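Have a look at the structure below before the remarks.
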Amino acid sequence: MDPVLLIVLIVLAVLVVGGTGFALLRGRGTDHMPTLDPKVTDEADSILTKPKAKEPVTVEGADTGVDVDAPVEVEDEPLVEVEPEPEAKPATFRERLGKARTTMSGYLSSVISRGDVNAETWDELEEALIRADVGIKSTTEILETVRTKADDEGVKDGAALIELVKDEMKSRLGGQDLTLAEGGDPSVWLFVGVNGVGKTTTIGKIASREVANGRKITLAAGDTFRAAAAEQLTMWAERAGADIVRGAEGGDPSSVIFDAVESAAANGAEIVLADTAGRLHTKTNLMNELSKVRRVAEKGAGTVTETLLVIDATTGQNGLIQARQFTEAADLTGVVLTKLDGSAKGGIVVAVQNELGIPVKLVGLGEGQHDLIEFNADDFVDALFDTN
Amino acid sequence: MFDTLTDRFDGIFGKLRGKGKLSESDVDEALREIRLALLEADVNFEVVKSLVGRIRERAVGDELSKALNPSQQIVKIVLEELTESLGGEAMQVTFAAKPPTIVLMAGLQGSGKTTNTAKLANLFKSQGRNVLMVGADLARPAAVEQLRTLGKQIDVPVFSEATDPVSVARASLEEAKNTGRDVIICDTAGRLAIDEELMEEVRQISEVLDPQYTFLVIDAMTGQDAVTVAESFHNTLALDGVILTKLDGDARGGAALSVKEVVGRPIAFASTGEKIDEFETFYPDRLASRILGMGDIETLIEKAEAAFEEEEAEEAAQRLIEGTFTLDDFLQQMQQIKKMGSLGSIIGMLPGMPKEVRDVEIEDKQVDRLEAIIRSMTTEERANPSIIDASRRGRIAAGSGMKPQDVSALVTQFNEMQKMMKKFGMAPPKAKGKGRKNKKKKRRGGRTTSKGPAPMADPSVLMNESLDEISSLRLPGLPQPDDE
């Protein structure tokens, strides 16, 4: 506790002395930012608190409007329309990552066409991985390993070198048990993440999938902050044929989820899919709330068998910090990578798995119910490196 | 956490001290570090290349080799380049001579368009405008309801209808005319930049509205892909500016720099929190420090201003300097600090904190324990900790559930700090030369309120100096005015 104490004192002293002085000086000279009219009523305030900057949830649904969105009243019709689509086989990485492939292959083709391996080749490989958001540390590690191997094996050709990189990435990403664990009675799968990554939509898709597999599912509308989050989840529940437990808007998420677990236990549902409000990992109080949610979810009959962090594929290096904070608060068991059908490559999950050992379990490749598929390291890496 | 650039440069340049000139390889090494730092902050690869190129040009010129403190000098160069790249012309929103002024919001899913539509509306409203918000996001189930909820909170009407986004946009023009609204802000559905169909839709909306301003709303956490996204939207819509969201997290926001470089349009606003008024004009220099991981002292100060009771803090500061600061004061000020957020995040914002300090994981629980100890003391003990003997110590430990050693540790450290502060406030300046000057400033800053507006540089020196003195930290990071 010593260093902490010292730091506390230092910070305190700096803030009290420096901060006050500074504040006074500033206070006189420049008035800082126009404080917009913060006259929001308390009530308004609390509502505002969550809708935040993002509109998380819905996010993925934001597609064609056909699926999720159908205004509530019309609800039946769109349902019918959505169904036909599923006919299409579940998406594959390769099909969906077309865009990512093109961008990446630009660098790799010069690696291949050059033939020989030289310093530039290594630079280009590094560039390709960094552009995919793999991050410096993991990129360096991967390439170091490959370099040693290439030396050992006497690889002198660009194409063969790429194969080595692919193998290295596959072995780092692969070999994980990707099944979503059960064994609770009921099992609780908790979905967490920052705002706007697609938690609610992910839950909707998993509910559809599990119900189709003949499971009995209860959804817990644990996002009590965002105005329409519960409504959105309710629509998914109806569509999937799952039960849903909702609480009052602005209510305590822990108790909503607790109630859902109890209700699931009473009704013989096997799995509870628990939604939570999006929260930035830097907000201590919200992260504490999340820890509590996780604890309380196990107070009754259920067991939390999965805590999944939902990450948006466009996320950069901050994703690693997110994963670190969320796992500290809620003990992550896996990652769901969403929006991989855009131009972003989602390489941050390589860093997350490599540095924190948290595996990617599911990938969102589109907006349809069937576009959430199990992660496959080989396909993921192949698709990234596919030069066709 | 990442080392700050400053730490790294110190490593590189430390061994050179006294050697005088910098060799080209020294500069190369520094540039490599800069490159890494920028990439870690999610600045786009191409952008990093061109930036590093520019920095190299200045660094190899004699600017660097003449500098007394090359590591400080190079950080300054980097900061200047970044600020320059981020800044350019500040975005001035002007309202159309012939109303309505039309604003179109576009971006990926989940970037924060709807919320920021309301934030922008609120800002314009505070400038006396009659704003109409238009809900053209018919894709996301609750988007329009969300906008209406926000509209109610800020008392701005929302127009939408269950047709299609392009028709809604068209009809909104009529609606604005009929209801005498002079600003229209149109929210649109999130779309992937590679979704041709939806990009065409937003292009049509733009055609119908002919907006005066088109803003791309982009998440500060975005990675390398930010450039692709910005380019696509720019090609389709001809952007006028960018709104950077989720800056209240700890993302370093390199994406903003990339976007600025690629589309050449300014970052107009930054969204810095969940509340509707947490929306502000964008400050390039703050983001520049942030991208470099150098702390964000301005933000820290603002937080402090918001959290601290001014008078109380002022008195506490004075007592601190005079050496009459008690544990009660400590307790009270600790409460204020807690309002600013977790201690860890505050330390992250302090520039120049040495690595050892930043690396210590501080749990707020540990702070609570300190509080528990103090709360278990009598008023007398708090005012004068020296009376705490073994028996008192035992009682305090038992009361707070801690060990007696913890109690002694707190008392000892507290005394140390007091001594340090006293020296800082009263004692003759250290041999450093800067000391006296700054000490005077500090005291002026801490006490009087009647002097004319101080130059902005002063407070930062003061802040730096207090850090410097208190923890004997070096603060090469910030460009300091008295730094030749």
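The values are calculated or read from the model by the stated rules, or taken from the named source; none is laboratory data. Since the structure is predicted, the reported quantities are computational estimates derived from the model, not experimental observations. All Cβ positions, glycine included, derive from the backbone under ideal geometry; neighbour counts span all protein chains shown.
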(message) A:A323 - would you say it is without any contact (Cβ under 8 Å) to a residue 40 or more places away in the chain, of a type in the set (G, A, S) and assigned by TED's automatic domain parsing to the domain that holds A:V192?
(response) yes
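Can you find a residue in region A:162-179 that is assigned to a strand (DSSP E or B) and in contact with a Gly (Cβ under 8 Å, 6 or more places away or on another chain)? Explain how you work it out, then say what you get.
Here is the first cut: in region A:162-179, the ones assigned to a strand (DSSP E or B) are none.
So far as region A:162-179 goes, no, none of its residues is assigned to a strand (DSSP E or B) and in contact with a Gly (Cβ under 8 Å, 6 or more places away or on another chain).
Select, from A:A377, A:A313, the only residue that is surrounded by 20 or more Cβ atoms within 10 Å (Cβ to Cβ), under 21 Å from B:T222 (Cα atoms) and small (G, A, S). Let's see the steps before the verdict.
Working: A:A377 fails: under 21 Å from B:T222 (Cα atoms).
From the options A:A377, A:A313, the qualifying one is A:A313.
Filter the strands (runs of 3 or more DSSP E) completely within region B:135-251 down to those with at least 2 residues that are under 30 Å from A:G346 (Cβ atoms) and of a type in the set (V, I, T). Quick ask: steps written out before the conclusion?
Values: elements: B:183-188, B:213-219, B:241-245.
Correct list: B:213-219, B:241-245.
Look through B:I194, B:I184, B:I154 and report the one residue that is modelled with pLDDT of 90 or more, out of contact with any Phe, Trp or Tyr (no Cβ under 6 Å at 6 or more places or on another chain) and more than 27 Å from A:A277 (Cα to Cα).
B:I184
Would you pick out the residues in region A:175-197 that are more than 14 Å from chain B (Cβ to nearest Cβ) and buried (at least 17 other Cβ atoms within 10 Å of the Cβ)?
Initial filter on region A:175-197 (more than 14 Å from chain B (Cβ to nearest Cβ)): A:175-192.
Result: A:L180, A:G184, A:P186, A:S187, A:V188, A:W189, A:L190, A:F191, A:V192.
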(request) Output the residues belonging to region A:146-158 that are surrounded by 16 or more Cβ atoms within 10 Å (Cβ to Cβ) and not in a loop (DSSP other than H, G, I, E, B). (result) A:V146, A:R147, A:A150, A:D157, A:G158
(message) Residue under question is B:L82, and the condition is that it be under 23 Å from A:V134 (Cα atoms), modelled with pLDDT of 80 or more and more than 14 Å from chain A (Cβ to nearest Cβ); does it hold?
(response) no
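Select, from B:D137, B:D155, the only residue that is within 11 Å of another protein chain (Cβ to nearest Cβ), acidic (D, E) and touching a Ser or Thr at 6+ places or on another chain (Cβ under 7 Å).
Details: B:D155 fails: touching a Ser or Thr at 6+ places or on another chain (Cβ under 7 Å).
Unique residue meeting the criteria: B:D137.
Buried (at least 20 other Cβ atoms within 10 Å of the Cβ) and among the small types (G, A, S): is that true of B:A193 in this structure? Outline the logic, then answer.
Values: buried (at least 20 other Cβ atoms within 10 Å of the Cβ): yes; among the small types (G, A, S): yes.
Yes; evaluated as a whole, the condition is true for this residue.
Looking at this structure, is A:A301 of a type in the set (A, V, I, L, M) and assigned to a loop (DSSP other than H, G, I, E, B)? Step through it out loud before you land on a result.
Details: of a type in the set (A, V, I, L, M): yes; assigned to a loop (DSSP other than H, G, I, E, B): yes.
For A:A301, the condition - of a type in the set (A, V, I, L, M) and assigned to a loop (DSSP other than H, G, I, E, B) - is met.
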(request) Could you please find all residues in region B:355-383 being at pLDDT 85 or above and part of a loop (DSSP other than H, G, I, E, B)? (result) B:S376, B:M377, B:T378
(request) Restricting attention to region A:307-318, report how many residues are at pLDDT 95 or above and of a type outside the set (V, I, T). (result) 2
(request) Mind listing whichever residues of region A:326-362 are without any contact (Cβ under 8 Å) to a residue 60 or more places away in the chain and part of a loop (DSSP other than H, G, I, E, B)? (result) A:D331, A:G357, A:I358
